[in-house]
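A short write-up of the structure that comes next.
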Amino acid sequence: MKQQSYAIQKVSSEKEMQDALTVRKAVFIDEQQVPAELEIDEHDEQGSGTVHFVAYNEQEPVGASRLRPYASGVGKIERVAVLQSERGTGLGRQIMLVMEDAAKQLGFDSLKLNAQTHAQRFYEKLGYEPHGDVFDEAGIEHIAMVKALR
């Protein structure tokens with residue numbers, strides 16, 4: 001497994017936001033056939049309180065994710081996407097660790113996410129625990145998962 005060095009950062013400009021959305025569209029809309037109106041939602045609007053992340057390999061956007069307030073002390077990780085060309089490099093794990101650090105800085109005590117079931121093991125290795133039953137979201141099976149940060 002080649003370990004790549006990526007630049008993962010909080011989105012702070014319109015260009016970075018477009019880069020993040022480009023990755024999400026490639027993964028969720030093109031690859032997984034999620035309808036665009038479900039993929040891009042109100043949590044992507046400016047002022048929604050959502051923190052977006054984008055990962056670059058050189059100048060190319062190759063990963064994206066977002067973190068938003070969910071409940072008191074709870075952050076929700078969503079839209080974790082890594083381009084097919086970068087899978088297996090450790091990028092997904094790096095994105096998650098950057099988001100967990102950001103969540104701690106934002107004062108979240110725990111994180112929640114809805115994992116696609118094929119990615120459940122990936123999140124378990126990072127300390128997330130499944131909660132409840134498998135459910136369908138956009139035609140894809142998901143499981144809710146949580147992790148305490150403190």
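The values are calculated or read from the model by the stated rules, or taken from the named source; none is laboratory data. Computed from a predicted structure; not experimentally measured. As a convention, Cβ positions derive from the backbone with ideal geometry for all residues, glycine included, and neighbour counts pool all protein chains shown. Surface areas here come from the heavy atoms of the whole protein model, side chains and all, with no ligands, DNA or RNA. Shrake-Rupley method; radii C 1.70, N 1.55, O 1.52, S 1.80 Å.
Just to confirm my numbers, what's the Cα centroid distance between region 16-62 and region 76-122 in Å? First find each Cα centre; the distance between them is then 14 Å.
For region 14-150, the alpha carbon convex hull comes to 112 Å³ per residue, rounded to a whole number. Note that the chain presents 53 Å² accessible area per residue, ligands and nucleic acids not counted, probe 1.4 Å. When you filter the trypsin sites (Lys or Arg not before Pro) in region 25-124 for DSSP loop state and at most 15 other Cβ atoms inside 10 Å of their Cβ, you are left with 87. By accessible area, using a 1.4 Å probe on protein heavy atoms only, region 75-150 has 48% of its surface on carbon and sulfur. Each Cα pair under 8 Å and six or more residues apart adds its separation to the average, and for the chain the resulting relative contact order is 21 percent. What the Kirkwood sum gives for region 49-116 is a hydrodynamic radius of 12.3 Å, with every pair of different alpha carbons counted.
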